[in-house]
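Only one structure is covered here, and it is reproduced in the block below.
A short reminder: the numbers here are calculations on the coordinates, not readings from a lab. Quick caveat: nothing in here was measured; it's all calculated off a predicted structure. Because the Cβ atoms are built from the backbone with ideal geometry, glycine has one as well, and the counts that use them run over all protein chains shown.
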Amino acid sequence: MSEKTIVLHDQRAKGLIIPKPQRVLAPGQSLTDMWHRPLRDLRISVTDRCNFRCTYCMPKEVYDNTYRYLPHADILSFEEITRLASIFLKLGVKKIRLTGGEPLLRKRVEDLVAMLSELKTLEGHAPELTLTTNATLLKHKAQALKQAGLQRVTVSLDALDETVFRRMNDVDFPVSDVLDGIAAAREAGLGLDASGHFTGLKVNMVVQRSVNFDQILPMAEHFRQWRLPLRFIEYMDVGQTNNWNLDEVVPSATIVQMISAQHPLMPLAATQAGETAKRFGYARADGQWHAGDPEVGFISSVTQAFCGDCNRSRLSTDGRLYLCLFASSGYDLRALLRGGASDVELEHALVGIWQSRDDRYSALRQVQQGHTEPGAQRVEMSYIGG
Ligand code: SAM
Ligand code: SF4
Ligand code: SF4
């Protein structure tokens, strides 16, 4: 086997047996898993395709022209997604994130946004609707997405340097087009909060020590000046294809120190329970930080596991429900949907699945110091979404 060959075990075929509910939920009682974590966040992958080949996510050697993407008939329709989402909302979900693959490649994804924005949470509010994108199509879609009811957007951008960025996306895509996408989102008012700040228009940067370490400070400075929250993500050992190595992870604490040496940072309180990013504000000369002032965030999934309050579930493009980013199999909800299950039966299934959830991969990895179980074949991030 050559050094570049990566064997991809296809985890898409497996479906777990759906457990029966362990406890019947009394009216008004919250659904919780085995570690008393509620279900609040649903991430929906709307396509397994992408126009980038980020080396840490969909490396070219695996996702080449022989790779078999899901056939159209296997993909959940907008109606199927919306029906499932409405049941998740009944069980306590408040936030829905569309992801992929590249979600803006899904034809008329704004129609799905419009359908989801009609739904209601248990409290009778519209769910918080957001989307993660590489922004290649954002310039053309920002306005339509905003009109359809999208409230927030997260743009992934790993470098400002042209050579570094093109090497990372591996399809020669220029930085300027991503920045144009962000500008279009801002113009459309995506991510604008009630106080007139763009707290819901965020930028995510995955850091790999040997690849884009020198981009940390330029990125921090650029988005500090643009007053958009930049979040540094520790490079994770998701999937089986990215040849992950602990030496490539730059701990968030290192980045906090690097930025603080230039601009003092102060820790900020979480805005929501189960928030993945630890937030820091750029302090003013008087040592204060006020809402709307620039901030940065850190998603430290490797060095500081946040499984303890993880309230996220992930629905794959073909309707499998994954309870953890590092899971190796999911529950086949599409089979239930297409087999004629009623809403009550679907709700029952979701209650059983969530009540039996025991996943805490990052917390256990931390205990085992980076050791992952041999033979554990984790699902790819491009299939279930980030
Ligand atoms: N294509 C869209 C994008 O890139 O924004 C959405 C899907 S992508 C899988 C979602 C997020 O996962 C992106 O911010 C990406 O940088 C992040 N991601 C992918 N692989 C990762 C890894 N190995 N470690 C950390 N983050 C990763
Ligand atoms: Fe595509 Fe996003 Fe994965 Fe990059 S991180 S390959 S843009 S799905
Ligand atoms: Fe949640 Fe799994 Fe990540 Fe832990 S490892 S925070 S359970 S997705």
**Message:** Let's test the formula: R0 of 30 Å, r as the Cβ-Cβ distance of residue 120 and residue 258. What FRET efficiency results, to the nearest 0.05?
**Reply:** 0.10
**Request:** Would you pull out the residues with amide H under 5 Å of residue 270's amide H, same chain only if 5 or more places away, H placed 1.01 Å from N?
**Result:** none
**Fill in**
Given 301-310, 88-97, 59-68, the highest-first ranking by average Cβ count within 10 Å works out to 88-97, 301-310, 59-68
**Prompt:** Can you give the percent of C-alpha pairs in the chain whose distance is more than 27 Å?
**Reply:** 48 percent
**Asked** Hey, how many Å between the Cα centroid of the range 273-302 and the Cα centroid of the range 89-121?
**Response** 27 Å
**Prompt:** residue 65 to residue 187: FRET efficiency via 1/(1 + (r/R0)^6), r the Cβ-Cβ distance, R0 41 Å, to the nearest 0.05?
**Reply:** 0.65
**Message:** At 222 nm, what value in deg cm²/dmol follows for the chain if DSSP H runs of at least 4 each add -39500 (n - 2.57) and the sum is divided by all its residues, to the nearest 500?
**Reply:** -8000 deg cm²/dmol
**Request:** Only Lys, Arg, Asp and Glu count, each charged at its Cβ (+1, +1, -1, -1), so figure out the dipole size of the range 113-220 about its Cα centre, rounded to 20 debye.
**Result:** 180 debye
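Residue 268 to residue 213: FRET efficiency via 1/(1 + (r/R0)^6), r the Cβ-Cβ distance, R0 22 Å, to the nearest 0.05?
Efficiency computed from Cβ-Cβ geometry: 0.30.
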**Message:** I'd like the Karplus ³J(HN,Hα) series for the range 173-181: coefficients 6.51, -1.76, 1.60, θ = phi - 60°, whole numbers in Hz, and an x wherever there's a Gly or Pro.
**Reply:** 7, x, 4, 4, 5, 5, 5, 4, x
**Message:** Let me understand the range 29-131 better: what is its radius of gyration from the alpha carbons, and its Dmax, in angstrom?
**Reply:** 15.9, 49
**Request:** Just report the Cα centroid separation between the range 188-261 and the range 305-353, whole Å.
**Result:** 29 Å
**Message:** Give me the extension gain from residue 291 to residue 140: residue separation times 0.36 nm, minus the current Cα-Cα distance, reported in nm with one decimal.
**Reply:** 51.3 nm
**Request:** Find which of 105, 196, 352 sits farthest along the positive direction of the dipole of the chain, computed with +1 on the beta-carbon of Lys and Arg, -1 on that of Asp and Glu, about the Cα centre.
**Result:** 352
**Message:** Give me the extension gain from residue 77 to residue 177: residue separation times 0.36 nm, minus the current Cα-Cα distance, reported in nm with one decimal.
**Reply:** 33.0 nm
**Request:** Scan around residue 231 for amide H atoms under 5 Å from its own, H built in the peptide plane at 1.01 Å from N, and keep only partners 5 or more places away or cross-chain.
**Result:** 203, 204, 205, 297
**Request:** Express as a percent, rounded to the nearest 5, the fraction of DSSP beta bridges in the range 174-282 (both residues included) that run antiparallel.
**Result:** 45 percent
**Complete:** Result: in the range 34-384 the number of Lys pairs with C-alpha under 17 Å apart, spaced 8 or more or on different chains, is 12
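Using every Cα-Cα pair within the range 116-204, state what percent have a distance larger than 19 Å.
Distances greater than 19 Å cover 43 percent of the Cα pairs.
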